[in-house]
Amino acid sequence: MKTYYVWPLGCQTNKSDGERVATVLERLGYHRVHDESNANVIAVIACAIRQSAVDRIYGKFRQWEQRQQAGDLTTILTGCVLPHDKQKLTPKFDLVFDIEDLPRLPLLLAQTTVEETVNLRDKMEYFDIEPLHNSAFRAWVPIAKGCDKFCTYCAVPYTRGRERSRPSTDIITEVKKYIERGYKDIHLLGQNVNSYGLDKPGQELRFAELLTAVAQLEGDFWIRFHAPHPRDFTADVIAAIANYPKLCKQINLPAQSGNNQLLRRMNRPYTREKYLALIDAIKAGIPNVSLSTDIIVGFCGETDEQFQDSKTLMEYVKYDMAFIAQYSVRPGTVAARRFTDDVPVAEKKQREQTLTAVLKRTFQENQLPRLGQTHRVLVEKYSKDHWLGRNEHQVTIEFQAPADAPLVGTFQNIKLNSVEPFRFVGIIQ
C-alpha cells in the first residue's frame, strides 16, 4: 500500500496547503499515515518565517536519508521557501515545487501522463483543489495569497509573491459547502486578509463586504480570520464584526513593536499612536472583544528603552494572547542585508520572558470578570480525564463529561467556574 505523511510547519495557511497536498496524494492512490516512519512519501510544507523551522527540516534528514537512498522514501518540499534555503535544500529533496504548481504533482511523481496533467491544470487552479481536511468541524479557507507590505524582517513576499485576491464567489461557495457539511469553525486565511480586494478595485468585494457575505449565510457556525495588518484595518470591518454574531469577537492584530523607530526599521507603516488609536476604536466598537498580537523581541538594534515601549504597549492593550518571537535573521530579507542582528540571544530570551509575564497577568485580569458566565464552547477533543473546547475568544475551556459522549464538533454551554493560566475550568450546562 502506498502511504504518505504531510508535515506542515508554521501558520494556518501552511496547514491549509497541506490539506490540498493530501487531496492530490489521495487521488493518486496514497493513504495517509500518522507516523512518518511508515510513509512512502513525506511532503514538507515549509515555513520561512523563523530559522528554527528551517533547522527542523535539516534535522529530519538524519532520519530520512537512509530510507531515501534505499529507494523506500520520496521526499517533497513546498510551501514558504526562501531562495537561499531552496538552494541548500533542493539537493536533499526528491521533489521541490512552488505550492501554486501543486496540480503538476501527479506528473512529478510520474503517476500520470503529460496530457492528463495539462488537462487537470486547465480545469482547476491551485485553490480549486478541494482540501482533505484534518478536522471534521474546522475548515481553513484561503481568500488571498502573498503580501505587498515588505516588512524588512519578513520572507513572505519572497516566498508567496505579491497580493492576489481569490474570487469572492469561489470563497463564498466554499464556505457554504462546508457549512452544509456541518463544519462549525471556519477560518478565512491570507497573509494580509484585510487588504482583500484591493488588487482588484471596482471588480471585487472589499474585506468588510466579504465578511458580511459569509456571516449572512444560513447555518450554525463561527467565522474567524487570520491575519490582518493594522494599516488596512478599517472602520467597516469593525462594524461588521460587531453586527454579526457569527463573526467571532476575537482579533489578532500584530503590533511587532511598540517603538516608532523600530516600526520604521521594520517597515511597518503605522506608529505606536495610530496602532493604539485603532485598538481603542476596536474596543469601543466591539463590546467584549478579545485581542491578541504578534511581537518580535530583539530586532536589529533594539535598545532596552525601545523594548520597554513594547512592554508598555502590551500593558496598555491587555491582550488575551500574544505570539512572542525572538528575532532571527532570514536570508534574502531587507533586514538581513541592511541591519546587524546585534541583540544577544540571552537578552532576547529575557525580553521574551518579560513579555510573557505581562501576558499572563493581562490574561488573568481580562478573564476574572467572566467567571460565573456561561459561554458557548466548540468542543474539540477528550484529553486524559476531561474535555477541551474553545469559546469565541479562542480561550481553552476544560470541563467534565462522559468520555464516550458524542461532543466533538458540537457547541455546548459551559459555565466558567475558575480560571487558570490561559484556560478556564467550567461545568457543562
P(r) of the chain over all Cα-Cα pairs, binned every 10 Å from zero, in whole percent: 4, 19, 29, 29, 16, 3, 0
Compactness index (Cα Rg / 2.2 N^0.38 Å), segment 371-428: 0.98
Entries in 318/415; 145/249; 311/360; 318/381; 311/349 that, when Cα-Cα distance is taken, lie over 19 Å: 318/415; 145/249; 318/381
For residue 198, net neighbour charge (Lys/Arg +1, Asp/Glu -1) across residues whose Cβ lies under 15 Å away: +1
Rounded to the nearest 20 debye, dipole of the chain from Cβ charges on Lys, Arg, Asp, Glu: 520
Summed residue charge, Cβ within 15 Å of residue 40's Cβ, Lys/Arg positive, Asp/Glu negative: -2
Over the chain: helical MRE at 222 nm, DSSP H runs n ≥ 4 each giving -39500 (n - 2.57), nearest 500: -11000 deg cm²/dmol
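Values quoted throughout were computed directly from the atomic coordinates according to the rules given, and no laboratory measurement underlies them. Owing to the predicted nature of the structure, the values given are computational and were not obtained by experimental measurement. Don't worry about glycine lacking a Cβ; one is built from the backbone with ideal geometry, like all the others, and counts go over all protein chains shown.
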